[in-house]
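**Q** Quick one: the structure is below, and I'll ask about it shortly.
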Amino acid sequence: MSSSAQVAAPPSSSRSNRWLKILALAAVLLIAVSFVLRFVFRYYLHYNEAAFTDPLLGAANYWRMRGWLLLHITGGMVAILIGPWQFSRRLRQRHLQLHRLSGRVYLIAVTCACAAAFRLAIATTFGKAWGFGLCALALAWLTTSSMAYYAIRKRQVSIHREWMVRSYVVTFAFVTFRIFNDYPPMMTWLPDADRAKLGALFGHLTGIGLDGHQR
């Protein structure tokens, strides 16, 4: 009886793990869609100087640099929405060509978003600390994504997956920052400038912590 129970346990555990992964990916995708609808679409739906320079949701120079801003948010939007599907084992097994194509689109989107992020960081009106943090985040984003591409080119699939997880963690750092910056209780505890800087730092630390847990 004991032996048969031990044999029966692994399939049940495997099913539980599979459902946990599905639920986790669904939750990530839901949060990503919510983020896009609230913080990204507004720039497409309200293409005017007042919306771009809104002191609460925009910045003083966003209208002047709207080309770079739209490149950044469009690339980030594509990456954040495509990313979760890249971790679907069923998609990889049944539609490998689609998985490869969406992976290429993800990498192109990240590259475009990073290029724009560097430009926006240099000209930021939020101070040098914010600009430095944005540059560091963009560099981490570009590095992790490049390593994922390099690994798959070398046919090192397991290493490729690890770097893709790291890349998407950095992608999601922008969402983490918004949650930390715009929702209670943190939004009521600190002044706007301090909260923004602390939120950027929190996004970095979250990425490092998730990466360490993945190992």
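A short reminder: the numbers here are calculations on the coordinates, not readings from a lab. The structure presented is a predicted model; accordingly, all values stated were derived computationally and were not measured. Cβ sites come from the backbone with ideal geometry, for glycine too, and all protein chains shown count toward neighbours.
**Q** Please report, largest first and rounded to whole Å, the three semi-axes of the ellipsoid equivalent to segment 30-164, where each semi-axis is the square root of five times an eigenvalue of the C-alpha gyration tensor.
**A** 31, 18, 11
**Q** Place the peptides 151-157, 99-105 in order of packing, highest mean first, counting for every residue the other Cβ atoms within 10 Å and averaging per peptide.
**A** Numbers: 151-157: 12.4, 99-105: 14.1.
With the highest mean Cβ count within 10 Å placed first, the list reads 99-105, 151-157.
**Q** Could I ask something else about it? Say R0 is 41 Å: what FRET efficiency, to the nearest 0.05, do Trp63 and Ile22 get from their beta-carbon distance?
**A** Working: r = 42 Å, r/R0 = 1.02.
Efficiency for this residue pair is about 0.45.
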